[in-house]
Structure formats: C-alpha cells, structure tokens
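The values are calculated or read from the model by the stated rules, or taken from the named source; none is laboratory data. Owing to the predicted nature of the structure, the values given are computational and were not obtained by experimental measurement. With ideal geometry, Cβ positions are generated from the backbone for all residues, glycine too; neighbour counts draw on all protein chains shown. The protein model used for the area step is the full one, side chains on, heavy atoms only, and it has no ligands, DNA or RNA in it. Shrake-Rupley method; radii C 1.70, N 1.55, O 1.52, S 1.80 Å.
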Amino acid sequence: MEYDTILTDYLGEFGRFQKLTVFCMAVLATPVGLHSMAMAFLGSVPEHHCQLPGTDTLPLPGDIAPTWGEYMQTLNDSIPLELDVNGDWTHSRCERDNVSADDSLDTPAFNRSKLQCTDGWVYDKSLYVSSVVTELDLVCARGWLRELAQAIYMLGVSFGAILSGAFSDRFGRRQTILACIAFLLVFGLATAFSTHYVMFVVLRFFVGAFSVGLYYSAFVLGHKCL
C-alpha cells in the first residue's frame with residue numbers, strides 16, 4: 001500500500017477545513033512583516049532645520065514658498081550652508097547661525113559662529129505629517145537612537161522566537177496564537193501613543209516578541225495541515 005493511499009484512507013483528503021486553516025494561518029503571519037518593516041516609515045528622516053528663536057509662528061512651506069528648497073532660501077541669513085555627502089552645498093540640518101548683538105546680520109555668513117539646535121527642529125511635513133522621528137526629534141546627535149530602536153525590536157524578536165516554542169509545547173499552539181494576537185493588539189496600539197523614547201522602544205520590544213511568536217506558532221500549525 002502506497003504512502004499517499006494510507007494518508008487518504010486514514011486521514012482524509014486535503015479538504016475545506018485544511019485549506020481554511022492554512023489560509024487563516026497565512027493571514028495571521030502578515031503582521032510580522034508589517035511590524036518588521038515599520039521602522040522604514042516610522043524612522044524615515046524628513047528634511048529639517050533648526051528651530052530659530054522667536055520664530056514659532058514662522059510660515060512653513062506652502063505659505064511663503066511652494067517647495068522646501070524655496071522655503072529654505074528664505075532662511076539664508078539664519079541657517080548656514082555646508083557640504084553634503086555628494087559635495088553639494090546645502091543648508092545645515094543640525095546648526096544655525098548665532099545672530100546676536102555681537103554677531104549681527106551684517107556679519108558675513110562665513111564669519112558667524114554656529115550653534116547647535118538647542119530649541120528643536122522644524123520638519124518638512126509634505127510627505128510625513130508625523131512620525132517617531134519628528135515627534136521625538138531623532139535627528140542630528142540623537143540620530144543613532146533610530147537604529148537602537150530597531151535593534152531593540154529585533155532583540156524582542158529573538159526572545160519571542162526562543163520562548164514561543166516552549167509556550168506552544170506547554171499550552172498548545174492554539175492558546176499561544178490567541179495570546180499572541182491579544183498581546184500584539186495591545187502593545188501595537190500602545191506604541192502609537194508613545195509619549196517618549198523609552199516607552200516607544202519598550203513597547204516595540206514586546207511587539208517584536210509577540211509578532212514572531214504568532215508567526216512561528218501559525219507556521220507550524222499551518223504546516224501540520226498540509
């Protein structure tokens with residue numbers, strides 16, 4: 001008796017139940033890819049410049065100029081130029097001119113002293129209205145925190161990959177999948193309301209852990225139905 005015949009006679013055909021189960025498991029695995037790629041959008045760095053003291057009501061692009069480049073031309077007396085990686089002159093993202101009583105606008109730009117962005121930044125919001133970068137100012141000296149956030153997310157993935165198998169064997173894959181869905185929903189929504197960086201990365205850690213736990217459990221359960 002052939003092996004396929006044994007499976008058909010004793011286990012039945014690959015019917016509607018198996019197909020529905022595999023489809024549902026594939027759908028459950030989708031959020032893992034979305035969360036893994038999320039920082040490509042959450043951590044995208046828009047054009048920005050230093051917030052200038054006393055210019056909280058300064059018009060943004062679209063008010064005085066149609067594009068960010070034309071808007072930046074209106075700040076030539078306040079934002080210094082610097083060479084970018086392509087060797088082109090562009091307005092600085094991390095410094096501003098120190099325009100004071102001792103360092104006035106009559107002083108040539110190349111002779112003015114420079115200051116860091118102590119008052120924050122202004123961002124180009126034509127593409128992204130809001131992101132973790134603009135909300136938490138993860139630019140310039142704080143730019144390395146973007147990579148750290150993704151590293152902490154992957155650390156959560158590592159923990160989830162290790163622990164999800166043990167929980168599946170102990171409590172069953174169905175219970176593990178349901179628990180991961182519930183926790184992933186809670187931590188995923190909470191991440192959107194993060195108010196500071198530590199809160200954001202801690203929540204992202206748990207998102208990574210539960211998303212990979214969901215994926216591994218769904219993958220194994222779906223594989224058993226094939």
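General observations
- Longest to shortest principal axis, alpha-carbon extents of the range 168-226, angstrom: 44, 18, 15
- A prolate overall shape is assigned to the range 125-226, the ratio a/c of its alpha-carbon gyration tensor axes (a ≥ b ≥ c) being 1.5 or greater and a/b exceeding b/c.
- Remark: accessible surface ordering of H49, H196, H35 (largest first) is H196, H35, H49, probe radius 1.4 Å.
- Overall, the anisotropy analysis places the range 113-152 in the oblate class: the square-rooted eigenvalues a ≥ b ≥ c of its C-alpha gyration tensor yield a/c not less than 1.5, with a/b not exceeding b/c.
- Kirkwood hydrodynamic radius (C-alpha pairs) into Stokes-Einstein, the range 143-182, 37 °C and 0.692 mPa s, D in µm²/s: 288
- Accessible heavy-atom area order of S113, S44, S92, highest first, probe of 1.4 Å: S113, S44, S92
- Label-point separation, D88 to T30 (7 Å along Cα→Cβ), nm: 3.9
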